[in-house]
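Chemist: Take a look at the following structure, please.
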Amino acid sequence: MGSTALNLELLRQEVPSGVEIVAVSKFKPMEMIREAYNAGQRLFGESRVQELIPKIEELPDDIEWHFIGHLQTNKVKYIIGKTSLIESVDSERLLEVIDNESRKEGVITKVLLQAHIASEETKFGFSLEELKEYFIGRKFEKLTNTHISGLMGMASLTEDSGKVRREFASLADMMRKIKTEICPDLRDFDELSMGMSGDWPIAVEEGATMIRVGSSIFGDR
Ligand SMILES: *Cc1c(COP(=O)(O)O)cnc(C)c1O
């Protein structure tokens, strides 16, 4: 067994069943993805459109692709109909473009709204306050071809696990508020994508349904 398959096997033993593993294959060659595929992995995450498209074309059709990076509005049209989930919707403008392109293509696109929970300035996303207002205003009702399946977030890059835990908990709490208080009628709004190689165990403890793991499977980038 190659190291990719072995790493994947070890990870699967640790991650509770019911939590989906998105194997983040950005910057990694086709052969490593094939190795993970041959070890049974079918769900992969990519963060750049120009890298995702050739991978979709070359690799097996039964792979499910999640888009997890910052998506420029002018590139949306290239990935509509090709991903099973866009996890990184970080603005209302992007949501609008995704909806328009999906309507043109005649497909329903599933997305997560990306929340800004880390203290770093560079992370994209909605603030928790903006998310709350989005759902209080029921702005999702104007979407015709986009379904919001849940929320995604990244914690601060820090050794302070208490801080990481508080950030994940704040997102899980917003998810719960939206589901139980703000929009109890929302359907299929269940996915909470949080946790990467360095912090997924904390994310899972705080309620992640989906973790995005790259370097622990494929090695450092
Ligand atoms: C790269 C990336 C990951 C995976 O990071 P690792 O630390 O390699 O596990 C997860 N989520 C997003 C949004 C990423 O860009």
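Chemist: For LYS75 and PHE27, what does the FRET efficiency come to when R0 = 22 Å and r is the distance between their Cβ atoms, rounded to the nearest 0.05?
Modeler: Rounded to the nearest 0.05, the efficiency is 0.80.
Chemist: For SER127 paired with ILE56, estimate the spin-label separation in nm (one decimal), with each label point 7 Å from Cα along the Cα-to-Cβ line.
Modeler: Computed distance between label sites SER127 and ILE56 equals 3.4 nm.
Chemist: Then there is this: At a probe radius of 1.4 Å, what is the per-residue accessible area of ARG12, in Å² to the nearest 10?
Modeler: 80
Chemist: Please express the Cα-Cα pair-distance distribution P(r) of the chain as a list of whole percents, one per 10 Å bin, running from 0 to the bin with the greatest distance.
Modeler: With 10 Å bins starting at 0, P(r) equals 8, 34, 37, 19, 2, 0.
Chemist: From Cα pairs below 8 angstrom and at least 6 apart in sequence, can you work out the relative contact order of region 52-123, rounded to a whole percent?
Modeler: 29
Chemist: Between rounded, prolate and oblate, where does region 1-54 land on the alpha carbon gyration tensor, with a ≥ b ≥ c its root eigenvalues, rounded for a/c under 1.5, else prolate if a/b exceeds b/c?
Modeler: Since a/c reaches 1.5 but b/c is at least a/b, the shape of region 1-54 is classed as oblate.
Chemist: Follow-up. In nm, what is the difference between 0.36 nm times the number of residues separating THR180 and LEU157 and their Cα-Cα distance?
Modeler: This chain segment gains 5.2 nm when fully extended.
Chemist: Here's a follow-up. Of LEU151, ALA203, ILE79, which is farthest on the positive side of the dipole of the chain, counting Cα position, with +1 on Lys and Arg Cβ, -1 on Asp and Glu Cβ, and the Cα centre as origin?
Modeler: Towards the positive end, the residue furthest out is ILE79.
Chemist: Something else about it: If you take the Cα Rg of region 96-221 and divide it by 2.2 N^0.38 Å, with N the number of residues, what do you get?
Modeler: Relative to the rule-of-thumb radius for its length, region 96-221 sits at 1.11.
Chemist: Restricting to Cα pairs below 8 Å that are 6+ residues apart, what does the relative contact order work out to for the chain? Please round to a whole percent.
Modeler: The value is 21 percent.
Chemist: Put one equal scatterer on each alpha carbon of region 1-90, apply the Debye formula with no solvent term, and list log10 I(q)/I(0) at q = 0.13 1/Å to two decimals.
Modeler: Listed by q, the Debye log ratios stand at -0.43.
Chemist: Quick check on my link table: of LYS26/LYS179; LYS55/LYS75; LYS82/LYS110; LYS55/LYS142, which ones sit more than 23 Å apart, alpha carbon to alpha carbon?
Modeler: Over 23 Å apart, Cα to Cα: LYS26/LYS179; LYS55/LYS142.
The values are calculated or read from the model by the stated rules, or taken from the named source; none is laboratory data. None of the values given here were measured: they were computed from a predicted structure. So basically every Cβ, Gly included, is an ideal-geometry build from the backbone, and we count neighbours across all protein chains shown. Areas reflect the complete protein model, heavy atoms only, side chains present, ligands, DNA and RNA absent. Shrake-Rupley method; radii C 1.70, N 1.55, O 1.52, S 1.80 Å.
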